[in-house]
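Accompanying notes for the structure given below.
The values are calculated or read from the model by the stated rules, or taken from the named source; none is laboratory data. Remember, predicted model here, so these are calculated numbers, not experimental data. Note: ideal-geometry Cβ built from the backbone for every residue, glycine included; neighbour counts use all protein chains shown. For accessibility, only protein heavy atoms count, side chains too; no ligands or nucleic acids. Shrake-Rupley method; radii C 1.70, N 1.55, O 1.52, S 1.80 Å.
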Amino acid sequence: MESSRVLRNSSPTTLFARWGTALLRLLPAELAHDIGMWMLERDLIDILPLPSLSPLLDGLDAPVPGIGDLAHPIGLAAGFDKNARAPRGFSRMGLSFLELGTITPRPQSGNPKPRLFRLEDQNGLINRMGFNSHGAERVRSRLEKLAWNHDPVPLGINLGKNKDTSEEAAIEDYSHGLEVFAPYARYFVINVSSPNTEGLRGLANEHFLKELAFRHKKDLGKIWVKLDPDMPRKTFQSLVQALAEAGFQGLVLTNTHRVEQPEKGGMSGHPMALQANACLEWAYEVTRGSLPLIASGGILSGQDVYQRIARGASAVQIYTSLVYRGPLAVYFMLQELRNEMDLRGVKFLSDVKGSYYHESQSRSSNP
Ligand SMILES: Cc1cc2nc3c(=O)[nH]c(=O)nc-3n(C[C@H](O)[C@H](O)[C@H](O)COP(=O)(O)O)c2cc1C
């Protein structure tokens, strides 16, 4: 392990990680992802002498209700490890909590390839994976063998419905997941926001989610809901209000932005950052900090992390950042976050949380 606080750009670890990431990016996007996962699954990440995060962590702890006191606020977004193949590898990369899935009750192969595309010049991606999932039973047995210790890196399970499950029967798919994974999940996320399964976003309504909440009343402290960024403000805010009243633990904001061009699917990364950011502000406007929020969508730098925490997020999740910044992404982002806090004279991340709203009341400059 390199112990210095600042990893030099010319250090062998940085060069190796940068070149490796650049080489993977020469390959088609899903093949590169599969190779990355293959390496992580076999602990090949250990070849890289990753720097210790410890010197960066002072004051960065992030308590997230129902999930735990995280060492720092940057976790893994759903979709990278859909089948719980490599939690160890991801925790070695420094992520402070991991969301696995989306898992569907029965195995399904997802949409035909190609279904993942890079938008290189924008630091973005478009995917239409369509919930390729090994299915609940196979993932459950993997998790059973893994016997994960949630301290210090908690695992969450993100749940979806099978493609051929009708909207009327969808509630059974989610209930099934909540029951099967109860012993293995520190928290759950109900995914009603991926754009690539027909009818899924239709489930993001008060009636469906309140019924689900009613069925799983006693477990609601573990259950989060992930929303999409494409609803009109009024619809979004009244849904947020309803979910807070229903007693869900919190919201993950947001999933990908639905697009048709240059490919059909869900857009992630930098080009959807503003939209995800706006949703965070809309949710905060309604809940005023009473409902925990996890931010996702276009968070690629430490400055992005700072801005989302300032807008009320308790923690953030990343996917696209890992594709473009590689295995040192968390390290670089924490370094940037630290610098941002130092420049602003802030010692504790907890002082940043929600500060955008307080500051914007007294002055109109940037948070
Ligand atoms: C290839 C790919 C697959 C994804 N699969 C899922 C998924 O299965 N479930 C889910 O809730 N979100 C999924 N997402 C969305 C991410 O979890 C995240 O919310 C989104 O990409 C925005 O974050 P980012 O800009 O950091 O990538 C996926 C994203 C990508 C790029």
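Quick notes on this structure:
- Cβ pairs under 6 Å, 6+ apart, first in segment 253-275 and acidic (D, E), second open to solvent by less than 20 Å² (accessible area, probe 1.4 Å): E263/I126
- Criterion (in contact with a helix residue (DSSP H, G or I) (Cβ under 6 Å, 6 or more places away or on another chain) and in contact (Cβ under 8 Å) with a residue 40 or more places away in the chain) met by exactly one of L291, L227: L291
- Filtered by the rule that a residue be closer than 17 Å to G124 by Cβ and buried (at least 20 other Cβ atoms within 10 Å of the Cβ), segment 272-294 gives M272, A273, A276, N277.
- Tallying residues that are in contact with a Lys or Arg (Cβ under 9 Å, 6 or more places away or on another chain), in a helix (DSSP H, G or I) and either more than 16 Å from the ligand (Cβ to nearest atom) or not β-branched (V, I, T) (or both) within segment 301-324 yields 4.
- Condition check for R106: in a loop (DSSP other than H, G, I, E, B) and modelled with pLDDT of 95 or more: yes
- Checking each residue in segment 126-184 for being open to solvent by less than 10 Å² (accessible area, probe 1.4 Å), within 18 Å of R85 (Cα to Cα) and assigned to a helix (DSSP H, G or I) picks out A136, V139, L143, G177.
- Taken together, L48, L31 contain a single residue that is more than 21 Å from the chain's Cα centre (by Cα) and without any contact (Cβ under 8 Å) to a residue 40 or more places away in the chain, which is L31.
- Candidate set: segment 96-125, residues that are of a type in the set (S, T, Y) and within 23 Å of K264 (Cα to Cα); chosen: the one surrounded by the fewest Cβ atoms within 10 Å (Cβ to Cβ): S109
- Hits in segment 59-91 (condition: in contact (Cβ under 8 Å) with a residue 60 or more places away in the chain and near the ligand (Cβ under 10 Å from one of its atoms)): L76, A77, A78, G79, F80
- Counted residues, segment 124-150 - those being under 30 Å from Q275 (Cα atoms) and either in contact with an Asp or Glu (Cβ under 7 Å, 6 or more places away or on another chain) or not hydroxyl-bearing (S, T, Y) (or both): 9
- The residue of segment 325-351 that is nearest to the ligand (Cβ to nearest atom), among those that are assigned to a helix (DSSP H, G or I) and open to solvent by 70 Å² or more (accessible area, probe 1.4 Å), is N339.
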